[in-house]
There are 2 protein chains.
Amino acid sequence: MAGTDSSKAVVFRDSPAIILVEPQLGENIGAAARAMANFGLWDLRLVNPRDGWPNEKAVAAAAKADHVIGRVQVFETLAEAMGDLHLVHATTARNREMFKPVIGPDVAADAMVSAIGAGRKTGILFGRERWGLNNDEVALADAIVTLPVEPAFASLNIAQAVLVLAYEWRRAALKDAPLPFAADEGEPAPRGQLAGLTEQLGEALDRVGFFKSPDKRPGMMNNIRSMFARAGFNAQEVRTLRGMVAALDRRHERANPTRVQPDDDAGSA
Amino acid sequence: MAGTDSSKAVVFRDSPAIILVEPQLGENIGAAARAMANFGLWDLRLVNPRDGWPNEKAVAAAAKADHVIGRVQVFETLAEAMGDLHLVHATTARNREMFKPVIGPDVAADAMVSAIGAGRKTGILFGRERWGLNNDEVALADAIVTLPVEPAFASLNIAQAVLVLAYEWRRAALKDAPLPFAADEGEPAPRGQLAGLTEQLGEALDRVGFFKSPDKRPGMMNNIRSMFARAGFNAQEVRTLRGMVAALDRRHERANPTRVQPDDDAGSA
């Protein structure tokens, strides 16, 4: 989805560190950096990346997330990489039979937002592409985060696991923040304009003999009022509709005054 | 994250169709299929894929999401692709200044879950890698879905946009469903076992003269009780701790009965 507003500067909020343990493919490191940038994360830490660092493929896959790639820190051990953190979540799709809480990304995000709000630093661990985190690594975390995946197809690409956690963090952190843009609903039409439209339409329909009999008119006009009310037209739309009605109406004024039935009218419109 | 349970069969729930409009890269189609499979979606529709269909690169990138790839439907127009749907959301990162609701993925997911519950069919539109959906295409949708991205870095890879929507749908659809696995908390220790541990520890500490003076003992024992209660040990952990205390205790029985101060004890442990 295109839409980056390059006039806006990246905001560096206090946010969780993303720690990739022994990532194998530069493409995944770069895609993870891009996913982080999409949701406002910027602290990316690598433990023993297989192909070293810097990594050209990572830079390419990061799609210009330079503010993340440029800040990457590399560590030899996971213990060092998480040394400054207070709350650490380990992502895994496998049950580790450890005495450790297992939570979803939403609960993890809420916990991290609270911790950050209390001035603590948080991080999320992601394992190797091949076999994830080993138990010694999971044991270092406060809780296990697992995604509500389809059990028969539970294997997520690392960058996509990062994306879900980053998305949930931002959702929790900016709960009351507006979306990047809001609906453009125009100027809502005051009821008087709607009434004017309905009245004009009714008169036009009278002229073409739309109402088979006068006693049917009130009920049908109420149906029309209900339709229009439900549609929630804005002022511009009401003006457009009135113009359409006027145009159709004039056409019938020009036509010879034989009664046109609604079906013919629709057909010839 | 590894963890697919190949013993489990894929579940084909009523779920939203994912419609990719003129996707350019097979890799993205395949990655989208994989993301769908991760969260239980399976109805993938393509409108004029640039490189035709089937697409080898898509199959490779799908990482064995064959149940999605094998069901892909290709259409010439978006109108055909969404012909059977009742509720359609268009994803876009750009404001279209259209008189159309703009909602987040969570709200969209709730709406789709309600619609599906009412027996209606739903779908989500995703645009081209380069410039997304055009306005004529967005106009066909009931609402615009946009992600709470960082405005300065708003461009999501299509597969990742699909992932977020699929994740939110599953979260909304399976609100009360458990995560793939739960915490293995063992058998929680009944308070009596905790009391036994505390008592045993207290006696061992008496033997090494840990409590400088008898009047200090009750308060320090209460601190220990609080620590243990807060830790929430399970039965196995209490057994382990009691074994440790017993071992340390016996060591002092063997040692000559000079009073060992806590510091020495810690130092020699």
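The values are calculated or read from the model by the stated rules, or taken from the named source; none is laboratory data. Just so you know, these numbers come straight off a predicted model, no measurement behind them. Ideal geometry is used to build each Cβ from the backbone, glycine not excepted, and the neighbour counts take in all protein chains shown. Surface accessibility is based on the protein's heavy atoms, side chains included, excluding ligands, DNA and RNA. Shrake-Rupley method; radii C 1.70, N 1.55, O 1.52, S 1.80 Å.
Along its principal axes, segment A:195-241 has C-alpha extents of 32, 19, 12 angstrom, given from the largest down.
All other residues whose Cβ lies under 14 angstrom from that of B:ARG217 are scored, Lys and Arg at +1 and Asp and Glu at -1, for a net of 0. The length gained by stretching the chain between A:LEU248 and A:ILE224 to full extension, at 0.36 nm per residue less their Cα-Cα distance, is 6.9 nm.
Any idea what the relative contact order of segment B:1-74 is, in percent, if you count C-alpha pairs under 8 Å spaced at least 6 apart?
Across segment B:1-74, relative contact order equals 36 percent.
Per the Kirkwood formula applied to alpha carbons, chain B shows a radius of gyration over Rh ratio, Rg over Rh, of 1.31. For the protein assembly as shown, the percent of C-alpha pairs falling in each 10 Å distance bin, counted from 0 to the bin holding the largest distance, reads 3, 15, 21, 19, 14, 11, 8, 5, 2, 1, 1, 0, 0. Each Cα pair under 8 Å and six or more residues apart adds its separation to the average, and for chain B the resulting relative contact order is 18 percent.
Length gained on full extension, A:GLN200 to A:PHE12, computed as 0.36 nm times the residue gap minus the Cα-Cα distance: 62.0 nm.
Over both sides of the B-A contact, add up the buried accessible area with a 1.4 Å probe and give it to the nearest 100 Å².
Buried area between the two chains comes out at roughly 6400 Å².
Each part reduced to its alpha carbon centroid, segment B:74-102 and segment A:1-30 end up 29 Å apart. Only sites in a loop by DSSP and with at most 15 other Cβ atoms within 10 Å count here; which GluC sites (Glu not before Pro) in segment B:2-76 make the cut? Listed in order of number, the matching sites are B:GLU76. The phi-based Karplus calculation (6.51 cos²θ - 1.76 cosθ + 1.60; θ = phi - 60°) puts the 3J(HN,Hα) values of segment B:36-45 at 4, 4, 4, 10, x, 8, 8, 9, 9, 10 Hz, whole numbers, x for Gly and Pro.
Go through B:142-150, B:230-238 and give me the packing order, highest mean Cβ count within 10 Å leading.
On the way: B:142-150: 23.1, B:230-238: 14.8.
Output ranking for B:142-150, B:230-238: B:142-150, B:230-238.
Shielding by partners for peptide A:100-108, expressed as the average number of C-beta atoms from other protein chains within 10 Å of each residue's C-beta, is 3. In this simple spin-label model, placing a label point 7 Å from the Cα along the Cα-to-Cβ direction at both A:ASP136 and B:ALA79 gives a separation of 6.4 nm.
Its Cα centre serving as origin, segment A:17-173 has a Cβ charge dipole (Lys and Arg +1, Asp and Glu -1) of approximately 240 debye. Share of carbon and sulfur in the accessible area of segment A:24-178 stands at 52%, probe radius 1.4 Å. Sorted from closest to farthest, the other copies place their A:ASN95 label points 5.0 nm away, with each point set 7 Å from Cα along Cα→Cβ.
Label points for A:GLY70 are taken 7 Å from Cα along Cα→Cβ. From this copy to the others they lie 4.9 nm apart, shortest first.
Projecting the Cα atoms of B:ILE69, A:ASN234, A:TRP131 onto the dipole axis of the protein assembly as shown, where Lys and Arg carry +1 and Asp and Glu carry -1 at the beta carbon, places A:ASN234 farthest toward the positive end.
Only helical runs count toward this figure. For chain A, summing -39,500 (n - 2.57) over DSSP H runs of n ≥ 4 and dividing by all residues gives -13500 deg cm²/dmol at 222 nm.
With all protein chains in place and a 1.4 Å probe, the accessible surface of segment A:191-255 carries 58 percent carbon and sulfur. Among residues other than B:SER155 with Cβ under 12 Å from its Cβ, the summed charge is +1 (Lys and Arg +1, Asp and Glu -1). Extension gain, A:ARG207 to A:ARG71: 0.36 nm times the residue separation minus the Cα-Cα distance gives 41.6 nm. When the pairs A:LYS100/A:LYS175; B:LYS8/B:LYS121; A:LYS8/A:LYS121; B:LYS100/B:LYS121; B:LYS57/B:LYS121 are compared against a 22 Å limit on Cα-Cα distance, A:LYS100/A:LYS175; B:LYS8/B:LYS121; A:LYS8/A:LYS121; B:LYS57/B:LYS121 fall above it.
Solvent-accessible surface of the protein assembly as shown, averaged per residue with a 1.4 angstrom probe and all protein chains in place: 48 square angstrom. Under the convention that each Lys and Arg Cβ holds +1 and each Asp and Glu Cβ holds -1, the size of the dipole of chain B around its Cα centre is about 740 debye.
Pick out, from A:ALA33, A:ALA177, A:ILE158, the residue whose Cα sits farthest towards the positive end of the charge dipole of chain A, with +1 on the Cβ of Lys and Arg and -1 on the Cβ of Asp and Glu. Of the options given, the answer is A:ALA177.
Taking the label point 7 Å along Cα→Cβ, B:GLU199 and its counterparts in the other copies are spaced 9.1 nm apart, in ascending order. This model, with +1 at the C-beta of Lys and Arg and -1 at the C-beta of Asp and Glu, gives segment A:191-255 a dipole about its Cα centre of some 100 debye.
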